[in-house]
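The values are calculated or read from the model by the stated rules, or taken from the named source; none is laboratory data. Computed from a predicted structure; not experimentally measured. Cβ placement follows ideal geometry from the backbone for every residue including glycine, while neighbour counts extend to all protein chains displayed. To get the accessible areas, we keep the full protein, side chains included, count just its heavy atoms, and leave off ligands, DNA and RNA. Shrake-Rupley method; radii C 1.70, N 1.55, O 1.52, S 1.80 Å.
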Amino acid sequence: MIRVRFAPSPTGYLHIGGARTALFNWLYARRHGGTFVLRIEDTDTERSSWEMVSGIVDGLRWLGLDWDEGPDIGGPHAPYFQSQRIETHRAMAERLVAGARGYYCYCTPETLQQKRQAAEAAGGGWIYDRTCCTLGADEIAAREAAGLPRAIRFKVPAGQTSFADLVHGPITFDNANIEDFVALRSDRQPTYHLSVVVDDMEMEITHVVRGDDHISNTPKQLLLYQAFGASPPRFAHVPLILGPDRKRLSKRHAATSVMEYYRLGYLPGAMVNFLSLLGWSPGGDRELFTREELVDAFTLEGISGGNAIFNPEKLDWFNQQHIMRLPIDELARRVEPLLRDAGLWSEDLSGPRREWLYRLLELIRPRVRKLDQFVEEIRPFVQQTVDYDQTAVSKHLATSEVRDALRALPATLAVLDPFSTATLESAVRALAESHGIKAAALIHATRVAVTGRAVSPGLFEVLELLGPERASARVHDAMNFLPK
């Protein structure tokens with residue numbers, strides 16, 4: 001049984017890198033019918049609560065990444081807050097000492113800092129010199145009797161530590177470059193290395209999928225597994241996400257919080273599709289996938305070793321493509337709250353004019369890349385009065401010939417039967433010819449008259465949706481507006 005985990009710190013929000021890591025773990029679990037565990041790696045007991053991780057949880061839920069075990073739903077390996085497992089971590093640290101794989105370190109932070117500064121002043125690096133590893137039993141007993149604060153350090157053995165990374169292949173570290181690292185601090189708080197290994201052991205995690213920046217942590221954790229006599233999980237280190245300038249992704253490149261993309265009008269399916277291809281490829285040139293198709297296609301072998309580039313324009317393209325593929329009733333459901341917030345919703349759009357709304361959305365959606373853009377695109381169709389762009393009015397309603405043709409348009413619209421894009425185009429072009437002006441001039445003028453703008457969807461589709469009465473009324477309103 002495949003068991004993977006996503007173990008974020010309660011930072012308040014789910015960032016892009018964390019979301020991609022969670023997604024890869026989720027896809028792998030769902031692909032193999034495994035278990036996806038949510039574990040919170042907190043260190044401050046007082047700040048350990050479900051509310052503190054609500055931002056992360058909201059991001060996961062928006063993306064549709066559900067978990068099988070976690071703090072809110074429990075599971076066979078509860079608790080799922082790291083801070084609530086601290087006594088287990090402390091006991092395992094003491095087990096290292098009892099098994100001669102660790103030792104008590106009484107060195108003060110001041111002493112360690114002095115040694116480090118002296119080594120750096122001499123032009124060299126410094127790793128812990130095992131001062132306390134050589135203490136005799138009497139020396140240890142004296143320090144214990146005096147109640148001196150002590151940490152527990154792991155005793156790194158000689159030799160090499162190797163593992164087969166599922167992304168990068170074989171990786172080997174020389175243990176001579178790994179210092180005897182602290183497993184339990186002098187304040188009795190476990191370090192990351194100890195707690196993550198103990199928790200992964202107890203939760204029976206089989207695969208650890210995480211960022212490349214954790215590769216250097218892996219040999220220390222493998223040594224801990226070895227010391228505890230446990231089989232380690234398989235490791236897959238995924239490439240980092242960089243901005244277009246090849247520097248680590250930050251706020252200067254784009255929003256880093258996943259929920260910010262929700263507020264900006266992105267679809268969760270588009271974000272999942274985009275994130276999945278940041279460092280992973282199914283092979284071939286295909287780019288557009290549903291969530292279900294990603295589950296069927298995902299393999300760890302498809303993850304590349306090179307860093308991934310976060311391209312906001314590519315995300316916009318994915319979002320537009322997913323908007324185009326969204327069922328029209330689902331699109332209407334997502335747009336409705338935006339229109340309500342803008343004061344543009346009327347209840348008949350849920351009833352007798354529902355089909356009209358669907359036609360409007362079908363007309364508009366090729367023009368938008370984000371959901372929030374629907375508001376301004378829909379505004380001219382549902383607003384009672386037209387807001388005129390003065391630049392557009394000055395450009396397209398300037399000549400008396402155009403205005404004369406436009407005044408004649410309502411009479412032409414009144415007798416059209418059927419009132420369709422085909423008949424509208426023929427009528428408008430004929431009217432322009434009868435007034436001795438180019439059809440394009442009348443088309444642009446009519447667009448400004450009925451929408452207030454120089455740019456809109458195709459004019460004849462716009463007129464058909466407005467209907468003869470509203471279209472004619474807007475032309476009359478434009479003529480009345482011109483003297484002002």
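Quick notes on this structure:
- Residue in region 239-249 that is in a loop (DSSP other than H, G, I, E, B), crowded, with 20+ Cβ neighbours inside 10 Å and either over 20 Å from the mean Cα position of the chain (by Cα) or among the aromatic types (Phe, Trp, Tyr) (or both) present: no
- Filtered by the rule that a residue be small (Gly, Ala, Ser) and modelled with pLDDT of 95 or more, region 60-89 gives Gly64, Gly70, Gly74, Gly75, Ala78.
- Test for Leu224: is it surrounded by 15 or more Cβ atoms within 10 Å (Cβ to Cβ), assigned to a loop (DSSP other than H, G, I, E, B) and not charged (D, E, K, R): no
Residue-wise test of (1) surrounded by 15 or more Cβ atoms within 10 Å (Cβ to Cβ); (2) without any contact (Cβ under 8 Å) to a residue 40 or more places away in the chain; (3) in a helix (DSSP H, G or I).
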residue	(1), (2), (3)
His77	yes, no, no
Ile86	yes, no, yes
Met92	yes, no, yes
Val97	yes, no, yes
Ala100	no, no, no
Thr111	no, yes, yes
Gln114	no, yes, yes
Ala118	no, yes, yes
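- For region 386-401, taking the residues that are in contact (Cβ under 8 Å) with a residue 12 or more places away in the chain and assigned to a helix (DSSP H, G or I), the one that is most open to solvent (accessible area, probe 1.4 Å) is identified as Lys395.
- The sole residue among Trp126, Trp62 that is under 30 Å from Arg20 (Cβ atoms) and of a type in the set (Phe, Trp, Tyr) is Trp62.
- Criterion violated by Ala236 - all others in (1) open to solvent by less than 30 Å² (accessible area, probe 1.4 Å); (2) hydrophobic (A, V, I, L, M, F, W, C); (3) in a helix (DSSP H, G or I) satisfied: (3)
- Set Ala445, Ala411, Ala440, Ala430: member being surrounded by 14 or more Cβ atoms within 10 Å (Cβ to Cβ) and small (Gly, Ala, Ser): Ala445
- With respect to the conditions (1) part of a loop (DSSP other than H, G, I, E, B); (2) closer than 23 Å to Ile2 by Cα; (3) open to solvent by less than 50 Å² (accessible area, probe 1.4 Å); (4) not acidic (Asp, Glu), Ser231 falls short on a single one, namely (3).
- Applying the criterion of at least 2 residues that are open to solvent by 60 Å² or more (accessible area, probe 1.4 Å), of a type outside the set (A, V, I, L, M, F, W, C) and under 21 Å from Ala270 (Cβ atoms) to the helices (runs of 4 or more DSSP H) found wholly in region 303-367 leaves 312-325, 328-341.
- Scope region 141-159; condition surrounded by fewer than 11 Cβ atoms within 10 Å (Cβ to Cβ) and either of a type in the set (A, V, I, L, M) or not in a loop (DSSP other than H, G, I, E, B) (or both); matching residues: Ala145, Ala146, Ala158
- Verdict on Glu469 being of a type in the set (D, E, K, R) and touching a residue at least 40 places away in the same chain (Cβ under 8 Å): no
- Matching entry among Phe274, Phe310 (being without any contact (Cβ under 8 Å) to a residue 60 or more places away in the chain and over 30 Å from Val197 (Cα atoms)): Phe274
- Subset of region 402-429 [of a type in the set (Ser, Thr, Tyr), in contact (Cβ under 8 Å) with a residue 40 or more places away in the chain and assigned to a helix (DSSP H, G or I)]: Thr421
Residue by residue, here is whether (1) part of a loop (DSSP other than H, G, I, E, B); (2) open to solvent by 20 Å² or more (accessible area, probe 1.4 Å); (3) of a type outside the set (A, V, I, L, M, F, W, C) holds:
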| site | (1), (2), (3) |
| --- | --- |
| Ile171 | no, yes, no |
| Ala183 | no, no, no |
| Leu194 | no, no, no |
| Val197 | no, no, no |
| Arg210 | no, no, yes |
| Lys220 | no, yes, yes |
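- Among the residues examined, Ser54 qualifies as part of a helix (DSSP H, G or I), small (Gly, Ala, Ser) and either at pLDDT below 95 or open to solvent by 10 Å² or more (accessible area, probe 1.4 Å) (or both).
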